[in-house]
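The values are calculated or read from the model by the stated rules, or taken from the named source; none is laboratory data. Model, not experiment: these values are computed from the prediction. Methodologically, a virtual Cβ is constructed for each residue, glycine included, from the backbone with ideal geometry; neighbour enumeration extends over all protein chains shown.
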Amino acid sequence: MYIMPTLSYMLCLTIHKLNSRIVALASYIRRYFYSLPFPSSSIESHLPMRVSLRGPCKIGARVVVPNEGLNLNIGRFTSVGTNTYLGPCLESIGSYTSIAPNCFIAPAMHHRTETTTSSAITVRWKALLPDSQASCLLPDCPLKPTRIGNNVWIGEGSFIRHGVSIGDGAIVAAHSVVLGNVPPYEVHGGIPSRLLYTLSGRNVDRAKTVTDWSELTPDQLLSHHS
């Protein structure tokens, strides 16, 4: 004999189905948003007016950027790790570039004189010196631009000298001291850094076909790895 389910059983079954659908919808939304690097900027450090963000970026805590220096342009979907120093000589960071924590990038040149390398002299702290001594100070050092390309990975604790250019798709190994240019799609490391190997493969070949990283969407970038 057919027995009609009770009202309470039907109510529990309805709630169970609704809950399953809510969980499935939440899972879909979570997968969608986690597929994006960071849809909105996350800035945890003070950035001076000379810094321009070209799109969503992630700047970690305790990132130091001096108030004075070259105008710095940072591309879309670029991340800078905590405790990193972005010096006055840094002019540009491309899109989709990742800089690990504890890096020291593009510091200003230090004057060399016949008598001292003291910052009280070389940085021209005129306010601390009498006028008679301030007039004898050396002229300011020129800022040699440092440029970091698109889709670059800079490993933790790396030092990059002023005037250096790092090409698209390059990798700098952790704790490296970079004193010269790094060509595109090369891996450099060591003290001082040197060429370790050249990147190759299907995904690298596809990345090389990108003409404008600043206009590339995350979905388009992921399609290069399919």
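In the stretch 82-95, the count of residues that are in a loop (DSSP other than H, G, I, E, B), more than 23 Å from H175 (Cα to Cα) and either hydroxyl-bearing (S, T, Y) or assigned by TED's automatic domain parsing to the domain that holds S214 (or both) is zero.
With respect to the numbered conditions (1) on the phi > 0 side of the Ramachandran plot; (2) in a strand (DSSP E or B), which one is the sole condition not fulfilled by R62? The single condition R62 does not satisfy is (2). Within the stretch 78-95, the only residue that satisfies the criterion of being touching a residue at least 40 places away in the same chain (Cβ under 8 Å) and among the β-branched types (V, I, T) is I93. Annotation note: Cβ proximity below 9 Å between a residue of the stretch 201-222 that is over 14 Å from G55 (Cα atoms) and assigned by TED's automatic domain parsing to the domain that holds S95 and a residue that is modelled with pLDDT of 85 or more and of a type in the set (D, E, K, R) (sequence gap 6+ or interchain) occurs for A207/D168; K208/D168; V210/D168. The residue pairs whose first member lies in the stretch 173-187 and is assigned by TED's automatic domain parsing to the domain that holds C89 and surrounded by fewer than 15 Cβ atoms within 10 Å (Cβ to Cβ), whose second member is among the polar types (S, T, N, Q) and outside any loop (DSSP other than H, G, I, E, B), and whose beta carbons are closer than 6 Å, counting only pairs six or more residues apart or on different chains, are N181/S165.
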